[in-house]
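The values are calculated or read from the model by the stated rules, or taken from the named source; none is laboratory data. As the structure is a prediction and not an experimental result, all values here were calculated from the model. Here the Cβ is made from the backbone with ideal geometry for all residues, glycine too, and neighbour counts use every protein chain on show. Accessible surface areas use protein heavy atoms only, side chains included; no ligands, DNA or RNA. Shrake-Rupley method; radii C 1.70, N 1.55, O 1.52, S 1.80 Å.
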Amino acid sequence: MSEKNSPSEAAGTHTLDRGNSNAKLDQLERWREDATGEALTSNTGVKVADNQNTLKAGERGPSLLEDFLMREKITHFDHERIPERVVHARGSAAHGYFQVYEPLAELTCADFLNHPEKKTPVFVRFSTVQGPRGSADTVRDVRGFATKFYTDEGNFDLVGNNMPVFFIQDAIKFPDFVHAVKPEPHNEIPTGQSAHDTFWDFVSLQPESAHMVLWAMSDRGIPVAYRAMQGFGVHTFRLVNAAGRSVFVKFHWRPVSGVYSLVWDEAQKLAGKDPDFNRRQLWEDIESGDYPEWELGLQVIPEEDEHKFDFDLLDPTKLVPEELVPVRVVGKMVLNRNPDNFFAETEQAAFHIGHVVPGIDFSNDPLLQGRLFSYTDTQLLRLGGPNFNEIPINRPLCPFHNNNRDAPHRQTINKGRAAYEPNSIDGGWPKETPPAASGGGFVSYPEPMSGVKLRKRADSFGDHFSQARLFWNSMAPHEKEHIIAAYSFELGKVERREIRERQVNQILANIDPLLATRVAQNLGLPAPAGGTVAPLQTALEKSPALSQANLLSGNIRSRKVAILVADGANVDDISHIIGVLNSEGATAKVIGPSSAPVKTSDGNTLVPDATLEGLPSIAFDAVFVPAGAEAAKALLANGAALHYLLEAYKHLKAIALCGEAADLRAQLHLEADEGLLNAAKAEDLCADLVKAMAQHRVWAREPKAKAIPA
Ligand code: HDE
């Protein structure tokens, strides 16, 4: 977004190609197109002559009840809200498609998993769990990852999370868990946080939560972006092939951009400075054509191996380590279209774990079984009745016919007289479809069943700490430090000493002595004497696949860089770095001291995309400062610019300083490291900058950066 100094042709113009920035603003207005040129009418189609004034008895007189236009408008407004989701209320979604790489006929007869030529439309909604609809995106929480596949055989919803396990083992505990984690009922504090007494009270008394709480306290609880998260179906499902043979399966989504997270200080600040941080990035990336992508992975477990593990496959607090059962990558999902209307699509989307297609079936995981009930029930309340599948976002794209009739908000106008089956009046239609290799009706997998009616947790669900320990042991040193800090922060907010003690002595001490001791130290509690439960012998000590340090993509696609400018900034450096970043699939934004154009080294002007305060360094992955004596001097004298760099340093980001901009580093007393780069010009440091950004953070800097005030 550059402009000339003056209209005169004498001064040159910068036409800096910044990749994605602001390029598609025009397209944002696309949704108005259908209303353009059309008269404003009432809901019944009556043209409105005056939309500014209520009908009154005299200019200064009382309003008249007769005003049907005003009454209709206000009534509609009064009814605009539907109940938000009781959990996962805060979310954002996008459209896209899924394509399988090769037919999976040996595993499943699901049509969309057997036709590599087919692009199956999808709608994906990401969410946090605890906070209400208007809460911040970057809080520490689990993220929902719900995908609706509109297949030719009906809708399949994969309603998962960004963590592969869950807090509880049985559905009947879900209301207890949610009541504990939600804001406390007397004062509705805190919003979007688990750092409070009732959450820690519950989880410290419920050891089955130990594994999942550890995930939530890890960097997985604060992802940078939805596109930087893995997704998991969590439960064990079944796949069934055309011959009726079944295997167990765990579903995985693997982000092509890699898996990476915010640092805690950054997450907290973003919650205030840009509560829409994740939502905005998803929207902007799609608008600019930088589409988020995931690969679908399957962990396939033959039926005969059901009991071969040291945990129960039906226990949703356990994952199947990838070192024991590798993930087979089978297809790709691309999100390439933003919704046109947030309410109509994202808010009204009704996901349901019970939406399956032939070839996909359930296991007896007791959490999964309970969810099968809950998701219909919740839509009846939220969407006002059993016709929620007729809402456009929920409607299958394949034909659907049955004898379900009437109820609130019915949209289908069913013709004919026979709304029952069998019938002879309509020739018996619609009729059942027998199961068949392709296009057949759904048949439940005929799993043999027997048992005594009882309320009991299987003994095989009884080990709550081995996999928590596996996760802890698999973390890189910096990840362990973050986990210790997260427990210390959260438990530090807990008012009751006995809850803190219980969590440390009865949960953390059973996971790992170092974790328990360090957290105890930070809370001023005595170090626990040892665990209360004897550790079990398990198949694996470590699972490298669990550490985000091993899950980076190795490239910088979709990463964002701030270019700090002031009058005199070297234009060659700016052009060069933008070129390099764009060629790597990253984007840059020019950040100025104010929104006013700055004068570049060649005498032209450059209009910043944002100001130092408008887009702080927490919104970027790296900071670049071009050379230029005058610019460096101006930035040195600007407290906001110094803070910008200091904060980027503290958050362990790559910082590249060209020429005279090196003075900024000296002024801030920052030691050069593999991510704090100096060179005369951009050309000489851009390769190192790309390398440092691909590492996501300069972890080696962390101990030093901690000493810097926030
Ligand atoms: Fe959910 N969950 N859940 N859940 N869940 C809902 O459904 C529930 C569970 C998940 O973007 C609700 O439409 C019960 C596990 C996601 O619209 C509700 C139990 C996992 C979303 C509900 C669970 C999830 C929900 C609230 C224990 C990961 C958001 C509104 C038996 C595998 C979907 C709604 C969206 C939403 C119930 C446990 C993921 C109340 C009873 C485990 C991603 O029906």
* Inter-residue pairs, beta-carbon under 7 Å, first among the β-branched types (Val, Ile, Thr) and in the stretch 83-102, second within 7 Å of the ligand (Cβ to nearest atom), 6+ apart -> 86/378
* Counting only residues that are outside any strand (DSSP E or B) and either polar (S, T, N, Q) or surrounded by fewer than 17 Cβ atoms within 10 Å (Cβ to Cβ) (or both), how many does the stretch 81-114 have? -> 12
* **Of residues in the stretch 60-80 being in a loop (DSSP other than H, G, I, E, B) and open to solvent by 100 Å² or more (accessible area, probe 1.4 Å), the one farthest from residue 41 (Cα to Cα)** => 60
* Could you tell me whether the stretch 464-473 includes any residue that is part of a loop (DSSP other than H, G, I, E, B), open to solvent by less than 100 Å² (accessible area, probe 1.4 Å) and farther than 30 Å from residue 344 by Cβ? => yes
* Is at least one residue of the stretch 165-177 in contact (Cβ under 8 Å) with a residue 40 or more places away in the chain, more than 19 Å from the chain's Cα centre (by Cα), part of a loop (DSSP other than H, G, I, E, B) and surrounded by 21 or more Cβ atoms within 10 Å (Cβ to Cβ)? -> yes
* Asked: Can you name the residue in the stretch 485-537 that is small (Gly, Ala, Ser) and assigned to a helix (DSSP H, G or I) and is also farthest from residue 706 (Cα to Cα) among such residues?
  -> 509
* **Search result, residues across the stretch 327-371 that are aromatic (Phe, Trp, Tyr) and either away from the ligand (no atom under 16 Å from the Cβ) or more than 17 Å from the chain's Cα centre (by Cα) (or both)** => 343, 362
* To do: State all residues of the stretch 81-107 that are under 14 Å from the mean Cα position of the chain (by Cα) and more than 9 Å from the ligand (Cβ to nearest atom); if no residue qualifies, say none.
  => 90, 92, 94
* For residues that are part of a helix (DSSP H, G or I) and either in contact (Cβ under 8 Å) with a residue 60 or more places away in the chain or assigned by TED's automatic domain parsing to the domain that holds residue 255 (or both), tally how many sit in the stretch 551-591. => 12
* Structure fact -> Only one of 148, 118 is touching an Asp or Glu at 6+ places or on another chain (Cβ under 6 Å) and either closer than 20 Å to residue 293 by Cα or without any contact (Cβ under 8 Å) to a residue 40 or more places away in the chain (or both), namely 148
* Structure fact -> Filtering the stretch 407-437 down to residues that are among the charged types (D, E, K, R) and either open to solvent by 100 Å² or more (accessible area, probe 1.4 Å) or over 40 Å from the mean Cα position of the chain (by Cα) (or both) yields 415, 417, 421, 426, 431, 432
* Residues (in contact (Cβ under 8 Å) with a residue 40 or more places away in the chain and over 22 Å from residue 358 (Cα atoms)) located in the stretch 389-415 -> 391, 392
* Asked: Considering the stretch 138-151 alone, what residues qualify as being open to solvent by less than 10 Å² (accessible area, probe 1.4 Å) and away from the ligand (no atom under 14 Å from the Cβ)?
  -> 138, 149, 151
